[in-house]
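The structure appears below as structure tokens.
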Amino acid sequence: MKCPFCRGTSSRVLDSRTADEGAAIRRRRYCPECDRRFTTTETAVLNVVKRSGAHEPFSRAKVVSGVRKACQGRPVTEDDLALLAQRVEDALRATGAAEIPAGEVGLAILGPLRDLDEVAYLRFASVYRNFESLTDFEAEITALRADHIGEAQPLESPSPGSLVIEDPARDDPGVTECSQPELTSSST
């Protein structure tokens, strides 16, 4: 490691510690040539292989930038976006690969974005998956609804003669049960 002050190449490591929740190593170094100390940080390189074949380092900022466009006008904070980018990077690093195809970065974004905001997810998925028609949107919305039904808790059976109405204003996926009015005939 070259000294940033004198450009000497004989620096010594004095101390090493983990940083960034174990994703990096911070080293305190000493240069005997100029008698100064400096700090270096080492991280494992995660490269993204673009469709063109070009390689570039993974960037959380690029993930946030791409997802921010999909989240425009949605109740999503910068902290939410930073956490999403962290989750994406963690998922990609967990594969153990040093190089990740750009398509896999997009796939890694879809899951956390779906959990964060479904409208933003649809916007991002429509561009990422090249939706070409309304049918593509309908299919994705149907899949989202199916997931919601699968997450819904089982309901008690309504009593006979009652009308079951879905209540979209409720936070839980339950239903509201109402009694049907009895029809009476009046003779005059």
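The values are calculated or read from the model by the stated rules, or taken from the named source; none is laboratory data. Quantities reported herein were computed from a predicted structural model and do not represent experimental measurements. Here Cβ is always computed from backbone atoms with ideal geometry, including for glycine, and neighbour counts include all displayed protein chains. Note: accessible area is taken over every heavy atom of the protein model, side chains too, but ligands, DNA and RNA are not part of it. Shrake-Rupley method; radii C 1.70, N 1.55, O 1.52, S 1.80 Å.
Annotations for the structure displayed:
- If you check Gly8, Gly66, Gly73 for being in contact with a strand residue (DSSP E or B) (Cβ under 6 Å, 6 or more places away or on another chain) and either surrounded by fewer than 11 Cβ atoms within 10 Å (Cβ to Cβ) or of a type outside the set (A, V, I, L, M) (or both), only one passes: Gly8.
- Identity of the residue in the stretch 69-79, out of contact with any helix residue (DSSP H, G or I) (no Cβ under 6 Å at 6 or more places or on another chain) and not in a loop (DSSP other than H, G, I, E, B), that ends up nearest to Val119 (Cα to Cα): Lys69
- Looking only at residues in the stretch 127-141 that are closer than 21 Å to Pro101 by Cβ and assigned to a helix (DSSP H, G or I), the one that is farthest from the chain's Cα centre (by Cα) is Val127.
- Here Ala102, Ala94, Ala85 are screened, and the one residue that is at pLDDT below 90, among the small types (Gly, Ala, Ser) and farther than 30 Å from Ser10 by Cβ is Ala94.
- Residues that are in contact (Cβ under 8 Å) with a residue 24 or more places away in the chain and part of a loop (DSSP other than H, G, I, E, B) were ranked within the stretch 50-63; the one that is surrounded by the most Cβ atoms within 10 Å (Cβ to Cβ) is Phe58.
- All positions within the stretch 104-130 that are open to solvent by less than 40 Å² (accessible area, probe 1.4 Å) and free of Cβ contacts under 8 Å to residues at least 24 places away in the same chain: Gly106, Ala108, Leu110, Gly111, Leu122, Ala125, Ser126
- Picking from residues in the stretch 33-49 that are touching a strand residue (DSSP E or B) at 6+ places or on another chain (Cβ under 7 Å) and touching a residue at least 24 places away in the same chain (Cβ under 8 Å), the one that is farthest from Ala97 (Cα to Cα) is Phe38.
- Yes/no for Arg17 being farther than 26 Å from Leu116 by Cβ, at pLDDT 95 or above and not hydrophobic (A, V, I, L, M, F, W, C): no
- Being of a type in the set (A, V, I, L, M) and either under 13 Å from the mean Cα position of the chain (by Cα) or modelled with pLDDT of 90 or more (or both) is a property that Leu144 lacks.
- Identity of the residue in the stretch 32-49, open to solvent by 90 Å² or more (accessible area, probe 1.4 Å) and assigned to a strand (DSSP E or B), that ends up modelled with the lowest pLDDT: Thr41
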